[in-house]
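Engineer: Sharing a structure here in structure tokens format.
The values are calculated or read from the model by the stated rules, or taken from the named source; none is laboratory data. Predicted, not measured: the structure shown is a model, and the values here were computed from it. So basically every Cβ, Gly included, is an ideal-geometry build from the backbone, and we count neighbours across all protein chains shown. For the accessible areas, the whole protein counts, side chains as well, though only heavy atoms, and no ligand, DNA or RNA atoms are used. Shrake-Rupley method; radii C 1.70, N 1.55, O 1.52, S 1.80 Å.
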Amino acid sequence: MSAGHDHGGHAHDHTAGANAQMLSWALALTTAYLVAEVVGAFVFNSLALLSDAAHMLTDVAALVIALLAIRFGQKPADDKRTFGYKRFEILAAAFNALLLFGVAIYVLVEAVQRFRQPEAVQSTGMMIVAAIGLVVNLISMKLLTSGKDASMNVKGAYLEVWADMIGSVGVIAGALAIRFTGWTWVDPIVAVGIGLWVLPRTWVLLRDTTNVLLEGVPGGIKLPELRAGIAGLSGVAGVHDLHVWSMASDDINCTAHVTLAEGADADAIRKSVADMLHSRFGIEHCTIQTEAAAEQCEDTGHLHP
């Protein structure tokens, strides 16, 4: 029985520095506007602005955590954390999702109170603040676009900024409606709409991060196809004890026990399996253990048959 370990194609995050710079710019813009929006929410008595400010606060938290995740993620593996600190990114993204759920609940409660006791809203000031927010969000989205597909944590920050952009549009529309109709109940409706708009996207982020934390099969990979791909290689008599999981959004790992056909070369089979996993499934870090049919593990009946 022999084992092989292949990580020659393992891709480390060479974009971490660029992501950190973009996140820093987005953080500076978002923090400055957050202060302005909170002041505007109280000065102009707008729940919609306050709702948007709450989401903006989660943006600030998301950007700060994303920056910390990059810093921690670059730390090398050690004797206590042999996989390094990449999973900090996933923990940060999960925290952001939970924070957004909390904000949505808060906004709903406040909106119910506004419906019971309507309050006057200064629509002009509300619209000006929201317009500034729209510009800030568009700039932040542009800064984060390049890194959102490579990092789940940056994607989380991007989604929150994106939600705030939609929120700013909603606040502007609400301010216009209040100005021309005098319907102050539009303000809490816009606030609730902002919360409900972001919840489905927040659920997707929480679902994806939970899958990583549970070491589930990464999205886009079908285990039966992967198993069939290994079993179909020349010299492979069978495959068992197959595991596929992610440590972070850009890091897929695989381990497997491969039973050799009679006369097959173990080293050649390990290389063949590793090459196939990389080319077909994008798996760049794999550990393949080979064994003759007579040596097959006794516990294959319950380990991922």
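Engineer: Based on the Cα atoms of segment 159-256, what semi-axes does the equivalent ellipsoid have, where each is the square root of 5 times one gyration tensor eigenvalue, given in whole Å with the largest first?
Structural biologist: On the way: eigenvalues 504, 23, 18 Å².
The answer is 50, 11, 9 Å, longest axis first.
Engineer: Shifting gears a bit: Using a 1.4 angstrom probe on the protein heavy atoms only, line up Glu160, Glu89 by accessible area, largest first.
Structural biologist: On the way: Glu160 5, Glu89 25 Å².
Descending order: Glu89, Glu160.
Engineer: How big is D for segment 13-214, in µm² s⁻¹ as a whole number, if Stokes-Einstein is applied with the Kirkwood radius of its Cα pairs at 25 °C and 0.890 mPa s?
Structural biologist: 142
Engineer: If you take the Cα Rg of segment 22-66 and divide it by 2.2 N^0.38 Å, with N the number of residues, what do you get?
Structural biologist: Working: Rg = 10.8 Å, N = 45, 2.2 N^0.38 = 9.3 Å.
Here the answer is 1.16, to two decimals.
Engineer: Let me ask something else. Determine the gain in length on full extension of the stretch Leu233-Trp183; use 0.36 nm per residue of separation and subtract their C-alpha separation, reporting nm with one decimal. Before the final figure, lay out each step's value.
Structural biologist: Working: separation 50, 0.36 × 50 = 18.00 nm, distance 6.89 nm.
Going from the current span to full extension adds 11.1 nm.
Engineer: Could you give the C-alpha radius of gyration of segment 90-133 expressed as a fraction of 2.2 N^0.38 Å, taking N as the number of residues it contains?
Structural biologist: Ratio of Cα Rg to 2.2 N^0.38 Å: 1.63.
Engineer: Let me ask something additional. Roughly what would the spin-label model give for Arg280 and Thr145, points 7 Å off Cα along C-beta, in nm?
Structural biologist: Going from the Arg280 label point to the Thr145 one covers 3.6 nm.
Engineer: For Asp187, what accessible area in Å² do you get when you roll a 1.4 Å probe over the heavy atoms of the protein chains, rounding to the nearest 10?
Structural biologist: 0
Engineer: Cα-based Rg of segment 223-291 per 2.2 N^0.38 Å, rounded to two decimals?
Structural biologist: Details: Rg = 11.4 Å, N = 69, 2.2 N^0.38 = 11.0 Å.
Relative to the 2.2 N^0.38 Å estimate, segment 223-291 comes out at 1.04.
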